[in-house]
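Notes for the one structure printed next.
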Amino acid sequence: MLIDNLKNEIRVFDSMIQAFRGLESAVLNRQTDMLSRYAVTIEELSLEISRLEDERDVILKKMGYQSVKDYIDKSTASDAPQIAYLAAEIVEKLNELTIVMNSIRQIFEFENNYFEFLNNLVRGVNPSPNYSFNQNKQGVSAYTTNYNTSRYDSLK
């Protein structure tokens, strides 16, 4: 029963990784109609993972263990090595999912920074600063620039 639960969890993580890769592709290709589809799929898969984790906790408690690690460490059952392998596979899937999610985050950060750069270049709009000053504002005037005039106009 625990083995089936872990296998199902791995299957759902695989599906979630594919959904996030699809989301990444939709973001890169500007397919706005696909964004909501992938978002719904990811939400459904998240709920499925939550359900499987709750089910796993119930299974482990019925067996007298607190966690999968506890089961692997204390169990003398013949399936303990297989459970350990499946748990390691889940960790690998989580790492892969983290990498894909981080990639999407970086895409959004790049687009936001690029938009700020273009805004600053064309309109002369002051982007949010990457530095902060002391509360007493000493030395701020040395760093203040007039952004009312467009930098584009000054390049003509």
Could you grab me the full set of residues in the stretch 79-106 that are touching a helix residue (DSSP H, G or I) at 6+ places or on another chain (Cβ under 8 Å), under 24 Å from LEU60 (Cβ atoms) and either assigned to a helix (DSSP H, G or I) or at pLDDT 95 or above (or both)?
-> ALA80, GLN82, ILE83, ALA84, LEU86, ALA87, GLU89, ILE90, LYS93, LEU94, LEU97
Pick from ASP54, ASP33, ASP73: which is under 26 Å from GLU111 (Cα atoms) and either in a helix (DSSP H, G or I) or polar (S, T, N, Q) (or both)?
-> ASP33
Hey, does the stretch 52-71 have a residue that's within 18 Å of the chain's Cα centre (by Cα), surrounded by fewer than 15 Cβ atoms within 10 Å (Cβ to Cβ) and of a type outside the set (Gly, Ala, Ser)?
-> no
If you go through MET16, MET101, MET63, the only one that is in contact with a Leu (Cβ under 6 Å, 6 or more places away or on another chain) and in contact (Cβ under 8 Å) with a residue 60 or more places away in the chain is MET16
Could you please let me know if ARG11 is closer than 17 Å to LYS93 by Cα and modelled with pLDDT of 95 or more?
-> yes
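The values are calculated or read from the model by the stated rules, or taken from the named source; none is laboratory data. Keep in mind it's a predicted model, so treat the numbers as computed, not measured. Virtual Cβ from ideal backbone geometry, glycine too; neighbours counted across all protein chains shown.
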